[in-house]
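Below: one structure in C-alpha cells.
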Amino acid sequence: MPLSPVPGEPDPQGADCVACGRCCHHGPRTVHLLVSDEERVLAHPGGEELLRQLTVLDPTPPGWRFVVNEGERCGALDVSVPGRHPCRLYEVRPDDCRMVEPGSPACLEARRLGHLGTSVAFTREARPSRREPVPK
C-alpha cells in the first residue's frame, strides 16, 4: 500500500530519507543483489543472517537474489515506529538502493506517488550530459 505523497524537494544530503521511505515502497522483485552486494553483506557482522532473513533466491535461471518483498514494501524496511522508515540493510544495502539518491528522478517520483514507480533514472545528474562525437 503506497504512502501519502511528500511535497517539496528532499534534502540533497539525505537528512529526511528515514522520515520519507517512499522509495522503499515498491513491487516484488524490484531490488536484486549482485555478487558484489552479497559479498558486502557477508563481510558485515551477522551478514549470513541478514541474507537468510531479508533475501530470497529466485529458483528460475539465472537465479537472481532479491530483497524480500511481499508486494507492498521492501522487507528490509523497519516500519515498527510510525513515521520512521529506517533500513535494516542500510550499511550494506544493494547497489539498486545506493542508486536512488536524494533528488534523483526515482526519489522525486517516489515522493510524488507515495511509492517507487517505473522510473529507471535512479541517480541525480549534476548537469546535462554531453555526448562526445565518436572518432572515425
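Which members of the range 17-59 meet the condition of being in a loop (DSSP other than H, G, I, E, B), under 21 Å from P102 (Cα atoms) and touching a residue at least 60 places away in the same chain (Cβ under 8 Å)?
Result: G21, H25, H26, T30, V31.
In the range 66-119, how many are out of contact with any Pro (no Cβ under 8 Å at 6 or more places or on another chain) and polar (S, T, N, Q)?
Final tally of qualifying residues: 3.
Here's something else I'd like to know. Which condition number in (1) closer than 19 Å to L113 by Cα; (2) touching a His at 6+ places or on another chain (Cβ under 9 Å) is the one that V67 fails?
Condition not satisfied by V67: (1).
On the basis of being modelled with pLDDT of 85 or more and either in a loop (DSSP other than H, G, I, E, B) or out of contact with any helix residue (DSSP H, G or I) (no Cβ under 6 Å at 6 or more places or on another chain) (or both), does R131 make the cut?
It is false that R131 is modelled with pLDDT of 85 or more and either in a loop (DSSP other than H, G, I, E, B) or out of contact with any helix residue (DSSP H, G or I) (no Cβ under 6 Å at 6 or more places or on another chain) (or both).
In the range 102-116, which residues are without any contact (Cβ under 8 Å) to a residue 40 or more places away in the chain and either touching a Lys or Arg at 6+ places or on another chain (Cβ under 7 Å) or in a loop (DSSP other than H, G, I, E, B) (or both)? Give the steps one after another, and end with the answer.
Restricting attention to the range 102-116, the residues satisfying the condition of being without any contact (Cβ under 8 Å) to a residue 40 or more places away in the chain are 104-105, 109.
Within the range 102-116, just S104 meets the criteria.
Let me ask another. Quick one: which residue in G83, G63, G75 is modelled with pLDDT under 90 and touching a strand residue (DSSP E or B) at 6+ places or on another chain (Cβ under 8 Å)?
Numbers: G83 fails: touching a strand residue (DSSP E or B) at 6+ places or on another chain (Cβ under 8 Å); G75 fails: modelled with pLDDT under 90.
Residue meeting the stated conditions: G63.
Every residue, every condition in (1) of a type in the set (A, V, I, L, M); (2) surrounded by 12 or more Cβ atoms within 10 Å (Cβ to Cβ); (3) under 28 Å from G114 (Cα atoms), yes or no:
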site: V35; (1), (2), (3): yes, no, no
site: E38; (1), (2), (3): no, yes, no
site: T60; (1), (2), (3): no, no, no
site: G71; (1), (2), (3): no, no, yes
site: L77; (1), (2), (3): yes, yes, yes
site: D95; (1), (2), (3): no, yes, yes
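Within the range 65-86, identify whether any single residue is without any contact (Cβ under 8 Å) to a residue 60 or more places away in the chain, assigned to a loop (DSSP other than H, G, I, E, B) and of a type in the set (K, R), and answer yes or no.
yes
The values are calculated or read from the model by the stated rules, or taken from the named source; none is laboratory data. Everything numeric in this text was worked out from a predicted model, so none of it was measured. FYI the Cβ positions are ideal-geometry reconstructions off the backbone, even for glycines, and counts take in every protein chain you see.
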